Structures are given as structure tokens and as C-alpha cells.
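Every number here is computed from the coordinates shown, using simple stated rules; none is lab data. No experiment lies behind these values; they were computed from the predicted model shown. Methodologically, a virtual Cβ is constructed for each residue, glycine included, from the backbone with ideal geometry; neighbour enumeration extends over all protein chains shown.
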Amino acid sequence: MVVILAGKWWAVALRGLLALLFGIVAFIWPGISLAALVFLFGAYALADGIFTVITALRAPEGYRRWWVLLLEGVFGVTAGVLAFVWPGITALVLLYLIAAWAIVTGIFEIAAAIRLRKEITGEWLLALSGILSVLFGVLLLAWPGAGALAVVWLIGAYAIIFGALLIALGLRLRRWGRAIG
């Protein structure tokens, strides 16, 4: 798995940059409408899912765990498509969709970090981003009635921290890839 990630370090960093930009937009326009939030989330989840599916499909032949990446990517693409197909969904449904997506993505990232711990240093960044994702999803499920502004800021803060961690991981993977290459 580390060879796949190191070879696609730019995809990990780009995924982080997209999350970071999403978070900044959430803070710049906190009064954003539900429809705009749905489209922003849909675009991010769709792009993130597509990059993850591409990474899975380009796994080296014989790599047995490619399906985990594929499953995470398909879940992201599905969450993104659902956000575009039903833009008028309620805030509660959107919160549950985002929470489920964050929890599932976080679990897969924690599992990947556990597998990578013997192969690289710095896997804690992936584990930390996974833990952050799960925590974020659980918090959304625990308090779905929070004010819209608080939810937008929570989503923005999560996306900025998550994005920064993925950018750091991408740069570490780049250095690691150069060291072994």
C-alpha cells in the first residue's frame, strides 16, 4: 500500500488541498445556503471518491487490499452523487450523510495507517486524520440540531485540519518515495 500511496503522493496532497479549500470557503461564507452547502459537499465528496477509486484501480497487480480503497472511493462518489441528485434535502439528512461519510472514511484511514505503521514513519498523520473524521462524524450524529452557522464552522474546521494533515502526509510520502526511488 505504501508504494501505491508514495507513487500517488500528489493525489493525497491534492485531496488535502481540496479539503482545505472547502474549509476556507465554509468560513468565508458562513451564511451559505443549504443548497450551496450541499453542492460544495457533493463536489468535495465526488472528487475525493474519484481520486480514491483511481488509486484503487491503479494498484499493482497482485495487491490484495485494493478493494478497501475502492470501497472507500465508491462510498465517496455515492455520497457526492446523492448530494447533487437531491439538492433540496433537509439539513438533518445532510448532516447524517456527512456524518456517515466521515465515519466510514475515517475507519478506512485508520485501518490503512495501521497497515502502514511497519512500512513508513509518519503514518500517524493518516491515523490522526482518520480519528478526526470519525470524531467529526460522531459529533454530528450526537448533536444534529446544532445551529446552521455552528455546523458550517464545524465542517469548515474539520475540512481545514483534515486537509492540512493530508497535505503533510502527501509531502512525507513524496520524500519517502524519493528516498526509496
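Dipole size in debye (nearest 20) for the chain around its Cα centre, Lys and Arg Cβ +1, Asp and Glu Cβ -1?
The calculation lands at about 600 debye.
For Ile180 and Trp10, calculate 0.36 nm times their separation in residues minus their Cα-Cα distance, and state this gained length in nm to one decimal.
Gain on stretching Ile180 to Trp10: 59.5 nm.
Just order 54-64, 164-174 by mean Cβ neighbour count inside 10 Å, highest at the front, would you?
Answer by packing, highest mean first, reads 164-174, 54-64.
Starting at the first residue of the stretch 163-178, write each ³J(HN,Hα) from the Karplus equation 6.51 cos²θ - 1.76 cosθ + 1.60 with θ = phi - 60°, in whole Hz, x for Gly and Pro.
3J(HN,Hα) across the stretch 163-178, in whole Hz: x, 4, 5, 5, 4, 4, 4, x, 5, 5, 4, 4, 4, 5, x, 5.
Counting Lys and Arg as +1 and Asp and Glu as -1, each charge on the Cβ, what is the dipole of the stretch 80-181 about the Cα centre in debye, to the nearest 20?
Result for the stretch 80-181 is approximately 440 debye, rounded to the nearest 20.
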